[in-house]
1. When only DSSP loop residues count, what trypsin sites (Lys or Arg not before Pro) in the stretch 143-224 have their Cβ near at most 12 other Cβ atoms within 10 Å?
2. In Å, what Rg and Dmax follow from the Cα atoms of the stretch 118-214?
3. Would you calculate the separation in nanometres between label points at GLU88 and THR188, each defined as 7 Å from the Cα along the Cα-to-beta-carbon direction?
4. For an R0 of 45 angstrom, estimate the FRET efficiency from the Cβ-Cβ distance between LYS73 and SER13 and round to the nearest 0.05.
5. Any idea what Rg and Dmax come out to for the stretch 51-136 if you just take the C-alpha atoms, in Å?
6. Which angle between 0 and 90 degrees, to the nearest 10, do you get for helix 105-116 versus the longest principal axis of the chain when only C-alpha atoms count?
7. Residues of the chain: accessible area per residue at 1.4 Å, in Å²?
8. To check my understanding: the extent here is largest minus smallest coordinate of the Cα atoms along each principal axis. What are those three numbers for the stretch 1-89, in Å, largest first?
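The values are calculated or read from the model by the stated rules, or taken from the named source; none is laboratory data. Because the structure is predicted, anything quoted here is derived from the model rather than measured. In this analysis, Cβ positions are derived from the backbone assuming ideal geometry, glycine residues included, and neighbour counts consider all displayed protein chains. All accessible areas refer to the heavy atoms of the entire protein, side chains included, with ligands and DNA or RNA removed. Shrake-Rupley method; radii C 1.70, N 1.55, O 1.52, S 1.80 Å.
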Amino acid sequence: MAGMASPFGSPASWRRDDLIGVSREFDADLTLAAYASGVFPMPAPARLMGWYSPLRRGVLPLDGLRVSRSLRKMLPRYEIRVDTAFREVLDGCADRRRPHGWIDRRIRRVYTELHERGIVHSVEAWTRDGLLAGGLYGVSLGGLFAGESMFHRPGIGRDASKVALVALVELLTAGDPIDGLLDVQWLTPHLASLGAVEVSREEYLGLLAAALSRPTPRWPAPSPGRTC
């Protein structure tokens with residue numbers, strides 16, 4: 001896919017803005033082409049789909065994850081499972097009570113299809129009594145993991161999304177600790193506290209090209225959990 005012409009044209013032609021275009025078309029194959037081009041979708045007004053490539057892109061260096069002492073103490077409290085409750089993770093991330101919600105029916109449909117195709121994955125943190133406490137999901141292409149969203153359940157899921165992130169980094173670094181690219185889209189104070197940094201669009205596209213040439217991690221088959 002990395003060698004195919006991008007439906008979004010040359011990056012040199014993109015707007016000097018995070019939003020590089022909109023479309024009425026939106027399906028799984030176009031979404032995959034977007035990620036391979038350094039672009040990701042988010043719904044726009046009037047039933048359009050917005051396509052974004054931030055001028056300042058958030059990435060989490062795989063050798064730079066910060067695990068605080070308090071977070072390290074939380075790790076044994078959860079069991080980690082992969083791809084056992086993707087729809088529930090999507091539901092948690094799409095909860096309308098969360099601020100700035102953006103996951104609509106179109107996003108659900110396309111990412112569920114990509115999950116069924118083995119390209120989108122969920123990493124889940126479960127309590128010892130079998131409750132889904134939090135998790136994350138994202139797109140895995142070659143050495144790229146594009147994180148889409150994460151959530152935790154108040155009351156039972158303290159730091160559960162962070163624990164899922166720690167497990168994700170462990171999975172992505174099982175082969176080479178610095179050879180992959182973990183994309184977090186935009187840098188937030190929360191992500192910065194975990195070690196995420198900003199790079200320019202141009203630098204990101206260079207990192208992406210290298211990542212797409214690498215093999216995809218071996219994702220475990222869905223199974224009962226393990227301690228992180």
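1. Passing sites in the stretch 143-224 are ARG218.
2. 14.1, 46
3. Those two pseudo-labels are separated by 2.2 nm.
4. 0.35
5. Over the stretch 51-136's Cα set, Rg and Dmax evaluate to 15.2, 44 Å.
6. Approximately 70 degrees, to the nearest ten.
7. Averaged over the residues of the chain, the accessible area is 49 Å².
8. 47, 30, 29
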